[in-house]
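Chemist: Quick one: structure below, then a few questions.
The values are calculated or read from the model by the stated rules, or taken from the named source; none is laboratory data. Please read these numbers as outputs of a predicted model, since none were measured by experiment. No Cβ is skipped: glycine too gets one built from the backbone with ideal geometry, and neighbour counts run over all protein chains shown. Quick note on the areas: whole protein, heavy atoms, side chains included, nothing else; ligands and nucleic acids left out. Shrake-Rupley method; radii C 1.70, N 1.55, O 1.52, S 1.80 Å.
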Amino acid sequence: MYANSLVELDRAHLIHPVASWRGHEKAGVRLLASAKGATVTDATGRTLVDGFSGLWCVNAGYGHESIVEAASRQMRELPYATGYFGLGSEPAVRLAAALAERSPGDLNHVYFTLGGSDAIDSCVRFIRYYFNAKGEPDRDQFISLEQGYHGSSTVGAGLTALPAFHQGFGLPFPWQHKIASHYPYRNPAGTDDATVIATSVAALRTKVAEIGPERVAAFFAEPIQGSGGVIVPPRGWMKAMRDTCSQLGILFVADEVITGFGRTGPLFACAEDDVVPDLLTVAKGLTSGYVPMGAVFLTDHVYDTIADGAGRSAVGHGFTYSAHPVSAAVGLEVLRLYEEGGLLENGRVMGARLMDGLNSLRDHPLVGDVRGRGMLAAIELVTDKEMKTPLPAAADPSRRIFDRAWDNGLVVRAFAQGAIGYAPPLCCTPEEIDAIVDKTRRVLDLTLEDADVRAAMRQVSRYAV
Ligand code: PLP
């Protein structure tokens, strides 16, 4: 009864992110009631393995008492402190220093936001200010990748390259340009690492030449494209793009909102790629989703150019909740758990187990590609492995596969193109990783029995004969 009335209240009043509003009214909300470790429990008492850490954010896993303690202690002592007027709080200062110490290269300056979208938005504002301060105000053009995701703010959604974020919103803006994704599995130029990297480098050079080399401000990229379908570039891709940006005199922004904080192994994926971006964004794993927080890191030269450009004037960018002390206290404790609590190490071991498990699914007739790094992975389903034919749109993969996994006690991300995404908490046990793989095989077997999928497979084999 209680859950039913909540479903009705949700229908009537709560707008859900990136949902078909009418579709959601029809389907109704699935309420989650509690969670511990890598297990979530819904309002009916069913338990599920959370193979997606909420929204790839609960990297530490659920139910850490020490995080709850850190937040409540801070709430009791000082629940809020503004960063305006030169004021501040101890946890925010300590977190900024701890992050600067651990970040690659000289990304020594941290601006805290509430999440990833406003981190990207802040980045765009800082970059515009930077070039104005440098006396290059015409550098106002931005480039990002097809299939990229950079949040949902008014400007960020135009750097994002997913159609739903553009249609009906008048986006992208004319100053927001795209180049093709590296997408190794489906790269038309070829799938070997060297070709994929060379093609992206050439595409960036061509795009900059087209726009005008003196007009381009920055290139944005995720170390692994998340919302586009967990698309993993070859090793060396980030470095090649970074170096190309340096040669072209444009800023390189690494969007680590998903890949940060142990998701791919280290605290920052860039570190593994031997890359120091000019600016770097994080969120999600920064507080492990327990409270909202994101951040933008600035290298010394970006910070100094803005600081000197502004001189005695204020740099007019700020949020009431920037550097929120409760979020910062949570961030410090989460960082301790990653490092001293062994979560990064466990994530590395479990990430290898996850990749082994998913690779064991390659023999399944529907599995065309398996890709990932650490605890961030995907399998891409096809009806013909040789032709790489995607599942038919009629199979509505994003809905049907999500529902099917859910019914089998597993939470995953099901992408529209028929890929299944995984981002389990770093605290997973070997048994939980194995359960994710076993349940996935069950989902694949059930999908293989769908009439529309079978028809698509028959059609493909008829053409092949
Ligand atoms: N950038 C990337 C790479 C993301 O994956 C996301 C969210 O998933 C964002 C930015 C936006 O973050 P948020 O949803 O916290 O606003």
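Chemist: What net charge do the residues around Glu136 carry, taking every other residue with its C-beta under 11 Å from that of Glu136, with Lys and Arg at +1 and Asp and Glu at -1?
Modeler: Working: positive: Arg128, Lys134, Arg139, Arg215; negative: Asp138, Asp140, Glu214.
Summing Lys and Arg as +1 and Asp and Glu as -1 gives +1.
Chemist: If you count only protein heavy atoms and use a 1.4 Å probe, how large is the accessible surface of Cys428, to the nearest 10 Å²?
Modeler: It works out to around 0 Å².
Chemist: With each label point set 7 Å from Cα along the Cα-Cβ vector, what nm distance links Asp403 and Ala19?
Modeler: 1.5
Chemist: Residues of region 379-419 with backbone nitrogen within less than 12 Å of a virtual label 7 Å along the Cα-to-Cβ line of Asp363, please, listed as ranges.
Modeler: Under 12 Å, as judged by backbone N against the label point of Asp363, lies no residue of region 379-419.
Chemist: Right, another one. In the neighborhood of Arg348, defined by Cβ-to-Cβ distances under 14 Å, what is the net charge if each Lys or Arg adds +1 and each Asp or Glu adds -1? Present the calculation step by step, with values, prior to reporting the outcome.
Modeler: Working: positive: Arg263, Arg353, Arg373; negative: Glu272, Glu339, Glu345, Asp356.
Residues close to Arg348 contribute a combined charge of -1.
Chemist: Let me ask you something else. On a C-alpha basis, how far is the centre of region 289-365 from the centre of region 131-149 in Å? Whole number, if you could?
Modeler: Taking the Cα centre of region 131-149 as reference, the centre of region 289-365 is 23 Å away.
Chemist: Still on this model: By the gyration tensor of its Cα atoms, with a ≥ b ≥ c the square roots of the eigenvalues, what is the shape of region 66-339: rounded for a/c under 1.5, prolate for a/b over b/c, or oblate?
Modeler: Working: a/c = 1.85, a/b = 1.42, b/c = 1.31.
Prolate, because a/c is 1.5 or more and a/b exceeds b/c.
Chemist: Calculate one ³J(HN,Hα) per residue across region 246-263 by plugging θ = phi - 60° into the Karplus curve 6.51 cos²θ - 1.76 cosθ + 1.60, and present them in order as whole Hz with x for glycine and proline.
Modeler: Ordered by residue, 3J(HN,Hα) equals 4, 5, 7, x, 10, 7, 10, 10, 9, 8, 9, 4, 8, 6, x, 6, x, 4 Hz.
Chemist: Same structure again: Amide H to amide H under 5 Å from Leu78: which residues, 5+ apart in sequence or cross-chain, H placed 1.01 Å off N in plane?
Modeler: Amide H neighbours of Leu78: none.
Chemist: Now, a different point. Please report the carbon-and-sulfur percent of the accessible area for the chain; probe 1.4 Å, protein heavy atoms only, DNA, RNA and ligands left out.
Modeler: Working: 11070 of 19960 Å².
So the carbon and sulfur contribution to the accessible surface is 55 percent.
Chemist: Once the piece of chain linking Arg454 and Arg348 is laid out straight, how much longer is it, given 0.36 nm per residue of separation minus the C-alpha distance between them?
Modeler: Working: separation 106, 0.36 × 106 = 38.16 nm, distance 3.75 nm.
Stretched out fully, the Arg454 to Arg348 stretch lengthens by 34.4 nm.
Chemist: So what's the back-of-envelope 222 nm ellipticity for the chain, counting only DSSP H runs of four-plus at -39500 (n - 2.57) apiece and dividing by all residues, rounded to 500? Write down the numbers at each step before the final one.
Modeler: Numbers: 16 runs with 193 residues, N = 465.
Using -39500 (n - 2.57) per qualifying helix, the result is -13000 deg cm²/dmol.
Chemist: Amide H of Val382: which non-local residues (sequence gap of 5 or more, or other chain) have their own amide H closer than 5 Å, using H built in the peptide plane?
Modeler: Placed amide hydrogens put Val367, Gly368 under 5 Å from Val382.
Chemist: So in region 66-339, what percent of DSSP beta bridges are antiparallel if you round to the nearest 5? Intermediate results must be reported in sequence, preceding the final value.
Modeler: Details: 10 of 24 bridges.
For region 66-339, the DSSP antiparallel bridge percentage is about 40.
Chemist: Okay, moving on. Which value, in Å², gives the accessible area per residue of the chain when a 1.4 Å probe is used on the protein heavy atoms?
Modeler: Values: 19960 Å² over 465 residues.
It amounts to 43 Å² per residue over the chain.
Chemist: Any chance you could run the full-extension gain for Arg94 through Asp438? It's 0.36 nm times the residue separation minus the Cα-Cα distance, nm to one decimal. Write out the running numbers ahead of the final one.
Modeler: On the way: separation 344, 0.36 × 344 = 123.84 nm, distance 4.24 nm.
Result for the pair: 119.6 nm of gain on full extension.
Chemist: Could you work out how much longer the chain between Val68 and Glu386 gets when fully extended? Use 0.36 nm per residue separation minus the Cα distance between them, nm to one decimal. It would help to have the intermediate numbers written out before the result.
Modeler: Details: separation 318, 0.36 × 318 = 114.48 nm, distance 5.03 nm.
Extra length from Val68 to Glu386 when fully extended: 109.4 nm.
Chemist: Over the heavy atoms of Asp407, what accessible area does a 1.4 Å probe trace out, to the nearest 10 Å²?
Modeler: Estimated to the nearest 10 Å², Asp407 gives 100 Å².
Chemist: What is the spin-label model distance, in nm, from Tyr84 to Leu446 if the labels are put 7 Å beyond Cα along the C-beta direction?
Modeler: 5.2
Chemist: Dipole magnitude of the chain about its Cα centre, charges +1 at Lys/Arg Cβ and -1 at Asp/Glu Cβ only, in debye to the nearest 20? Each step should come with its number before you reach the end.
Modeler: Numbers: 43 positive and 53 negative charges, 177 e Å.
Approximately 840 debye in magnitude.
Chemist: Name the long-range amide H neighbours of Ser181: under 5 Å, sequence gap of 5 or more, or other chain; modelled H, no Pro or chain starts.
Modeler: Residues meeting the amide H criterion: Glu146.
Chemist: When only C-alpha pairs under 8 Å and at least 6 residues apart count, what is the relative contact order of the chain, in percent?
Modeler: Working: 898 pairs, mean separation 92.6, N = 465.
For the chain, the relative contact order is 20 percent.
Chemist: To continue, here is another question. What is the chain by shape, rounded, prolate or oblate, if you read a ≥ b ≥ c off the alpha carbon gyration tensor as root eigenvalues and call it rounded for a/c under 1.5, prolate for a/b larger than b/c, and oblate otherwise?
Modeler: Details: a/c = 1.70, a/b = 1.20, b/c = 1.41.
Taking the square roots of the gyration eigenvalues as a ≥ b ≥ c, the chain is oblate.
Chemist: Name the shape class, rounded, prolate or oblate, that the alpha-carbon gyration tensor gives for region 1-42, where a ≥ b ≥ c are the square roots of its eigenvalues, rounded holds for a/c under 1.5, and otherwise prolate holds if a/b is larger than b/c and oblate otherwise. Can you show the working numbers first?
Modeler: Working: a/c = 2.85, a/b = 1.53, b/c = 1.86.
Oblate is the answer for region 1-42, as a/c is 1.5 or above yet b/c matches or exceeds a/b.
Chemist: What ³J(HN,Hα) values, in whole Hz, does the Karplus curve 6.51 cos²θ - 1.76 cosθ + 1.60 give for region 16-23 when θ = phi - 60°, with x put for Gly and Pro?
Modeler: 9, x, 6, 10, 6, 4, 5, x
Chemist: At 7 Å along Cα-to-Cβ for each site, give me the label-to-label distance between Ala310 and Glu146 in nm.
Modeler: According to this spin-label approximation, the distance is 3.9 nm.
Chemist: Stokes-Einstein D for region 1-156 at 20 °C, 1.002 mPa s, Kirkwood Rh over Cα pairs, in µm²/s? If you can, show how the numbers build up before the last one.
Modeler: Details: Rh = 20.1 Å.
For these conditions, the coefficient is 107 µm²/s.
Chemist: Follow-up. I want the antiparallel fraction of DSSP beta bridges within the chain, as a percent rounded to 5. Walk me through the numbers on the way to the answer.
Modeler: Working: 32 of 48 bridges.
In the chain, approximately 65 percent of DSSP beta bridges are antiparallel ones.
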